[in-house]
Amino acid sequence: MFINWQLRQINIKIVYYGPSLSGKTTNLEQIHQKIDPGKRGELISLKTYADRTLYFDFLQLELGKINGLTPKIQLYTVPGQTFYEASRKLVLKGADGVVFVADSGSNRMDDNIESWKDMSKQIESLGVELAKLPMIIQCNKQDLPNALPPDMLKNMLNCPEYMVIPAIAINTVGIFETLKAIITVVVTDIQKQL
Ligand SMILES: Nc1nc2c(ncn2[C@@H]2O[C@H](COP(=O)(O)OP(=O)(O)OP(=O)(O)O)[C@@H](O)[C@H]2O)c(=O)[nH]1
Ligand SMILES: [Mg+2]
């Protein structure tokens with residue numbers, strides 16, 4: 001969180017994390033497409049030739065005031081492919097909240113668990129206590145024939161304390177529920193600090 005008292009502006013950083021191809025970039029693309037253009041900036045996507053995220057995606061939103069401050073909500077995605085670990089850690093740095101985008105396909109459970117472990121390790125190595133970081137879990141690709149129900153995913157990740165939201169990102173299902181949920185937990189957390 002960064003507050004510019006002169007401009008009465010507060011920057012809030014939310015990172016979409018998860019295994020490769022779970023739908024992190026699709027979340028930002030849908031938000032960018034559906035939100036009023038007056039309330040958002042351009043979507044900046046750094047992609048490889050095969051449409052995979054290289055380094056990160058970025059989208060900024062402007063919402064109503066919090067305690068007289070104008071929030072700039074900055075959404076980032078990490079690149080999910082395993083060899084971009086260093087980029088993921090850089091993108092996570094300074095996050096006020098995380099959306100963990102899990103792939104609900106039953107064949108992707110090992111990838112979800114590995115990504116969750118990597119994320120937990122990175123957060124701790126940045127000097128942040130995992131339990132204190134606002135977090136929402138999105139179970140994406142619920143349209144797949146082999147999709148597992150959100151409660152089962154939550155059990156597999158062994159994280160009973162977090163809110164879990166089912167989603168079909170390609171159809172915008174659960175996208176704004178996720179965004180609202182993470183903003184709510186982050187803002188509640190920030191208000192305690194102000
Ligand atoms: N069936 C289905 N496909 C989806 C859904 N959401 C995203 N996809 C597809 O999954 C593929 C990967 O989506 P991305 O959003 O690029 O995934 P990512 O998590 O950003 O991937 P990396 O950048 O490599 O980490 C694309 O072909 C999407 O169209 C969904 O809800 N259901
Ligand atoms: Mg991506």
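What's the extension gain from GLN33 to PHE2 if we count 0.36 nm per residue and subtract their Cα-Cα distance?
8.5 nm
Suppose the chain between TYR49 and LEU90 were pulled fully straight at 0.36 nm per residue; how much longer would it get relative to their current alpha carbon spacing?
Residue separation times 0.36 nm, minus the Cα-Cα distance, leaves 12.5 nm.
Taking loop as defined by DSSP and a crowding limit of 12 other beta carbons within 10 Å, which GluC sites (Glu not before Pro) in the range 1-74 fit?
Qualifying residues, ordered by number: GLU42.
Looking at the range 2-178 from every direction and averaging, what is the projected area of its Cα convex hull in nm²?
Taking a quarter of the hull surface, the average projection is 10.5 nm².
Between LEU194 and VAL173, what is the label-to-label distance in nm when each label sits 7 Å out along the Cα-to-Cβ direction?
Modelled inter-label distance: 3.6 nm.
With +1 on the Cβ of every Lys and Arg and -1 on the Cβ of every Asp and Glu, and nothing else charged, how large is the dipole of the range 2-178 about its Cα centre, in debye rounded to the nearest 20?
500 debye
Relative to the first principal axis of the alpha-carbon coordinates of the chain, what is the inclination of helix 109-125, with its axis defined by its Cα atoms, in degrees from 0 to 90 and to the nearest 10?
Orientation of helix 109-125: about 40 degrees from the principal axis.
For Cα pairs less than 8 Å apart in space and 6+ apart in sequence, what is the mean separation divided by the residue count of the chain, i.e. the relative contact order in percent?
The value is 22 percent.
When the Cα centres of the range 1-44 and the range 87-149 are compared, how far apart do they sit, in Å?
The distance from the Cα centre of the range 1-44 to that of the range 87-149 comes to 17 Å.
So how tilted is helix 175-193 from the main axis of the chain? Cα-based, degrees 0 to 90, rounded to 10.
50 degrees
Taking the Cα centre of the chain as the origin and placing charges on Cβ (Lys, Arg +1; Asp, Glu -1), which of SER115, PHE58, LEU157 is farthest toward the positive end of the dipole?
Farthest towards the positive pole: PHE58.
For the range 10-71, what number results from the quotient of the Cα radius of gyration and 2.2 N^0.38 Å? Before the final figure, lay out each step's value.
On the way: Rg = 13.3 Å, N = 62, 2.2 N^0.38 = 10.6 Å.
After normalising by residue count via 2.2 N^0.38 Å, the value is 1.26.
The numbers here are math on the coordinates, done by the rules we state, and not lab data. Predicted model only: the values in this text are computed from it and were never measured. Neighbour counts are summed over all protein chains in view; Cβ atoms, including those assigned to glycine, are modelled from backbone coordinates with ideal geometry.
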